[in-house]
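Student: First the structure, which I've put down as structure tokens, then a few questions once you've had a look.
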Amino acid sequence: MERNVNPIDVEQFLKDSRFPSGKNELVQFAKDHQAPGPILSAIEGIPDRRYKDAADAARETFIPESELPRGLESCDD
């Protein structure tokens with residue numbers, strides 16, 4: 001899942017999608033509407049379930065700071 005995307009941006013992007021929707025429908029919506037790469041990646045990383053609205057789906061893209069990688073092993077270099 002994309003870690004550098006703001007869930008609010010995901011919610012704004014999905015606001016015109018039809019709900020309730022499943023993950024596959026939201027991914028297809030994002031592709032059909034030329035979602036920026038980070039937003040598409042974030043949507044592709046959400047769990048496969050039904051979402052009641054854009055906020056419900058966007059909430060799944062939030063990664064608490066406590067779950068972000070730390071230390072040298074988190075570096076891409």
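Please treat every number below as a calculation from the coordinates, not as lab data. All values derive from a computational prediction rather than experimental measurement.
Student: Report ³J(HN,Hα) in whole Hz for each residue of the stretch 33-40, in order, from the Karplus equation J = 6.51 cos²θ - 1.76 cosθ + 1.60 where θ = phi - 60°; Gly and Pro get x.
Tutor: Ordered by residue, 3J(HN,Hα) equals 9, 6, 4, x, x, x, 5, 4 Hz.
Student: Which whole-number percent gives the relative contact order of the stretch 1-48, counting Cα pairs below 8 Å spaced six or more residues apart?
Tutor: 57
Student: Given H placed on each backbone N at 1.01 Å, which residues far from residue 51 in sequence or on other chains put an amide H within less than 5 Å of it?
Tutor: 21, 22
Student: Averaged over every viewing direction, what's the projected area of the C-alpha convex hull for the stretch 1-66? Give it in nm², one decimal, please. Kindly include the intermediate steps, with their values, before the conclusion.
Tutor: On the way: hull surface 15.2 nm².
Average of the hull's projected areas for the stretch 1-66 equals 3.8 nm².
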